[in-house]
Amino acid sequence: MNTTNLFVELVVIGVGTLFSLILIVLSCFDYRWISWDKVTSSTMLIPLLSITYLLGIVTDRIADAILDSWNKKLRFKTFSTNEKYHEALTYVYNYANERIISLFLYGRSRLRISRAWIFNCIFLAITVPIFVWTRLPQIPNNTRISIIIFSTIIFGMGTVVNCFTWRKLTINDYKRLAETNTMLRKNS
């Protein structure tokens with residue numbers, strides 16, 4: 001995976017976390033004090049992108065740590081030990097052609113994005129209703145309640161879908177690795 005792909009992956013992850021943090025700050029301190037022209041100016045693009053990238057790294061690491069035990073259970077369905085997994089991974093990355101390695105890296109990127117967005121969706125399911133309830137009093141209560149219910153359902157579904165996607169991608173990644181390892185060893 002080249003550096004640009006990794007950067008984009010972490011920005012995609014960080015966007016959801018940044019949005020959640022912005023909603024928390026705006027819920028606590030209101031939004032009328034912000035000069036939206038300055039925030040959305042091109043001079044703010046680099047700092048905002050840097051913060052997004054950093055939040056992507058943090059969110060990815062937190063998601064990895066939280067789902068580590070589940071990930072190991074899925075890994076042990078294909079590889080009996082961590083050593084066998086790392087041996088297969090090392091063998092494939094050393095002896096597979098560039099196209100196969102690129103496919104593995106692309107799959108792992110999708111896996112990491114899905115894994116992180118499980119938590120981004122959870123954060124958004126919490127922060128959007130808080131913001132709507134605390135900072136949009138001018139909207140009628142029935143409309144605010146509808147927005148809260150709708151956003152909670154959407155982000156709840158996002159959590160479930162990303163959890164399902166991450167699990168399927170993880171299982172397929174381990175199966176493909178085992179198959180590729182076996183194939184490469186037979187052909188060498």
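In the chain, how many lysine pairs have Cα atoms under 24 Å apart, counting only pairs 8 or more places apart or on different chains?
Lysine pairs, 8 or more places apart or on different chains, close enough: 13.
Sort 121-128, 63-70 for me by packing, meaning the mean count of neighbouring Cβ atoms within 10 Å per residue, highest on top.
In decreasing order of mean packing, 121-128, 63-70 become 121-128, 63-70.
Rounded to the nearest 500, what is the 222 nm mean residue ellipticity of the chain from helices alone, with -39500 (n - 2.57) per DSSP H run of 4+ residues and division by all residues?
-30000 deg cm²/dmol
Can you give me the angle between helix 82-95 and the longest principal axis of the chain, using Cα atoms only, in degrees from 0 to 90, rounded to the nearest 10?
Between helix and principal axis, roughly 80 degrees.
How charged is the neighbourhood of Leu89? Take every other residue with its Cβ under 15 Å from the Cβ of Leu89, and add Lys/Arg as +1 and Asp/Glu as -1.
Net local charge, Leu89 excluded: +3.
Any chance you could check the Cα centroid distance between the range 13-81 and the range 93-122 for me, in angstrom?
Going from one Cα centre to the other spans 18 Å.
Compute the helix-to-body angle for 98-135: its Cα long axis versus the longest principal axis of the chain, expressed 0 to 90° and rounded to tens.
Here the helix axis deviates by roughly 20 degrees.
With θ taken as phi - 60° and the coefficients 6.51, -1.76 and 1.60, list the Karplus ³J(HN,Hα) couplings across the range 46-60 in order, rounded to whole Hz; mark glycine and proline as x.
Computed from phi, the couplings for the range 46-60 are 5, x, 5, 5, 5, 5, 4, 4, 4, 5, x, 5, 4, 4, 4 Hz.
If one takes the longest principal axis of the Cα atoms in the chain, at what angle in degrees, from 0 to 90 and to the nearest 10, does the Cα axis of helix 3-29 lie?
Around 30 degrees separate the two axes.
Laboratory data are not the source of any read-out in this text; all were calculated from the coordinates shown. What you see is a predicted model, and the numbers here were worked out from it, not measured in a lab. With ideal geometry, Cβ positions are generated from the backbone for all residues, glycine too; neighbour counts draw on all protein chains shown.
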